[in-house]
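For reference, the structure discussed in these notes is given below.
All of the numbers you see were taken from the coordinates with simple rules; none came from a lab. Predicted, not measured: the structure shown is a model, and the values here were computed from it. Neighbour counts run over all protein chains shown; Cβ positions are idealised from the backbone, glycine included.
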Amino acid sequence: MGEVWIRDADQLEKEIERITTIAQQMGLDFFPMHYELCPADVIYAIGAYGMPTRFSHWSFGKSFNRMKMDYDFNLNRIYELVINSNPCQAFLLEKNSLLQNKVIAAHVLGHSDFFKNNAYFSLTNRNMVESMSVTAGQIREMEFEYGREAVESFLDAALSIKEHVDPLSVMRDGTIHGVPQQTLSDNKEEKDILLFIAHNSDHLEDWQRNILYRVREEMLYFWPQLETKIMNEGWATFWHIRIMRELDLKEKEAVEFAKMNAAVTLPSATGINPYHLGLRMFEYLEREYGLDMIFEIRESNNDVSFIRNYLIPELVERMDLYLFKKQGEEYRITSKEWEKIQERLILSRTNGGYPYIVAVDDDYNRKGELYLLHKYEGLELDQSYVRKTLPYVYTLWGRPVHLETVLGNRPVLFTYDGVKENHTFL
C-alpha cells in the first residue's frame, strides 16, 4: 500500500490542537500559530525568497529553480517553513503524510518558542511580512520610474554585501534608519557597511539610498537566524521528539517517525548537521542540569556562546567530532582534540558564518576612497568572490574601493578603481 496523503484538513487540525496542548503542558511559550497547507511550488517559492512576500530579483528565482529541481528529482525536500512573526506562520507541504505533519507541527512550535524567547530575536520586526510587502511595492514603483534594468542592477550591488550589517547598531539606537551620519575621522571602525554607505556615499540617488535601507532592514530581520542556526534547529528537534513520544503512535507511525527523525538528525560526514549537534547538546544539558536550565540557555545564548560554554570534551567524544582536510584525492582526519574542534566550530559560527569586514577609512588617499579591513582570524577570503564583489561596492560608493585581508599569512590589499582590480602584498 502506498503512502497516504492528508486529504482531511479537519483531521490535521485536531492533531495540531492536541500537539499544541502537549507543548504548552511541557512549558513551551510560543506565539499564536497559523498553519497553511501549500503545494510544492508555493513552499519552494517561499523558501527561495525567504518570506511569503518579497521584492523580485533574479537570485531568488535561481534559488527556486535549484530547490524545486532537487524536490522533483527526490534529492532534497522541504517539509515545512516557519516565519518569525506574531502570529507565527507555518507552511506545510500538502503532500506530507499525516505523521509527517504531526512531526512538523511539533517542530515549528519549538521554533516559535525560540523566536519569542531568545534574546537575539527580541528586536526583530514581528510584522516583517507586511514590511516586505510594502518594500516590494516600492521597488516595483522604482522599476516603473527608473527602469527595471537600472533597479535590478542596483539590487545586484546592494545584495552583494547584504550580510555586512550590525544588529548591535539597532540595539544602541533603537531604530533601523535613525543612526546619524558618521565619518571615520576618529579612527573608528564601522561594521555596518550597508548603513555606512547609505549614510555617507555622495554618489547615491535618493531611490538607491532607500533600497540600501530596505535591504538592510530585511537582513537585520534574518540575522538572528544566522546567529542561532545550531541552537534553533536543535531546540525544535529536541521538542518534536519529546512531544511525539506523548502521542502513543501506532507501530506503523512509530516506524515512519523513526525514519524521518533519523534522516533529519543524521550526522554529516563532511560537515556539521545543526539538527544533530544542537539536539545532542540540549539532550546532554537536560540530563545533567534539568529542563529549567535548558530553558535559560535557550533564552540568552547564540551559537557562539552555546558552543563556547556547553560543548564539553565528553560531548565531542560521544559525537565523534573531528577536523579533516583534503590531502591529494583523499580526506584525512587532522585532529580530534576538543579545544581545536571547539575553536573551529566557534570560528565557523562567528558573525553568522560570514567574514567580519569593517570600514576603517572613508577618505583614503585623501580622495574620498573607501578602505575596508577584513578581521582575519584564520580563514582566508575566497579570492574569486572578492574580485566579483569589489566592483559592486564601487557601484555603491562611487570611488575606488580597497580591501585589506590576509593570503598565505601575508597581508594583501585588493583594489578596484572602476576599471580593473589589482592586489598588492603589503
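Need one number: the % of Cα-Cα pairs in the stretch 269-350 sitting beyond the 20 Å mark.
Numbers: 1140 of 3321 pairs.
Cα-Cα pairs in the stretch 269-350 separated by more than 20 Å: 34 percent.
Once the Cβ-Cβ distance between His203 and Asn409 is put in as r, and R0 is 35 Å, what FRET efficiency do you end up with, to the nearest 0.05? Before the final figure, lay out the partial values.
Details: r = 35 Å, r/R0 = 1.01.
Once the sixth-power term is evaluated, E becomes 0.50.
Any chance you could run the full-extension gain for Thr424 through Val42? It's 0.36 nm times the residue separation minus the Cα-Cα distance, nm to one decimal.
Working: separation 382, 0.36 × 382 = 137.52 nm, distance 4.79 nm.
Gain on extension, Thr424 to Val42, equals 132.7 nm.
Between their Cα atoms, which of Lys162/Lys188; Lys325/Lys375; Lys116/Lys340 are more than 26 Å away from each other? If you can, show how the numbers build up before the last one.
Numbers: Lys162/Lys188 21 Å; Lys325/Lys375 23 Å; Lys116/Lys340 33 Å.
Exceeds cut-off: Lys116/Lys340.
In this structure, the amide hydrogen of Asp361, modeled 1.01 Å from its nitrogen in the peptide plane, lies closer than 5 angstrom to those of Tyr371, counting only residues at least 5 positions away or on a different chain.
Its DSSP H runs of at least 4 residues, each contributing -39,500 (n - 2.57), put the calculated 222 nm mean residue ellipticity of the chain at -17500 deg cm²/dmol, to the nearest 500.
What's the extension gain from Asp417 to Glu337 if we count 0.36 nm per residue and subtract their Cα-Cα distance? Don't skip to the answer; put the middle values down first.
Numbers: separation 80, 0.36 × 80 = 28.80 nm, distance 4.51 nm.
Additional length available on full extension: 24.3 nm.
Summarising the label geometry, the points placed 7 Å from Cα in the beta-carbon direction at Lys188 and Leu249 lie 5.4 nm from one another.
Which of Trp239, Trp207 has the fewest other C-beta atoms within 10 Å, and how do the rest follow up to the most? All intermediate terms of the calculation are to be shown ahead of the outcome.
On the way: Trp239 25, Trp207 16.
Sorted ascending by nearby Cβ count, the order is Trp207, Trp239.
Counting only Cβ charges, +1 for Lys and Arg and -1 for Asp and Glu, the dipole size of the chain around its Cα centre is about 720 debye. Using R₀ = 56 Å, calculate the FRET efficiency as 1/(1 + (r/R₀)^6) where r is the Cβ-Cβ separation of Ala262 and Ala150; round to 0.05. E(calc), rounded to 0.05, equals 0.65.
Among (1) 1.06; (2) 1.00; (3) 0.94, only one was calculated for this model; which label is it, if the read-out is Cα Rg over 2.2 N^0.38 Å? The listed entry that was calculated here is (1).
Given their separation in residues at 0.36 nm each and the Cα-Cα distance between them, Arg287 and Leu379 gain 29.6 nm when the chain is fully extended. Of all beta bridges that DSSP places with both ends in the chain, some 75 percent have antiparallel geometry.
Based on alpha-carbon atoms, the Kirkwood radius and the radius of gyration of the stretch 73-152 give Rg/Rh equal to 1.14.
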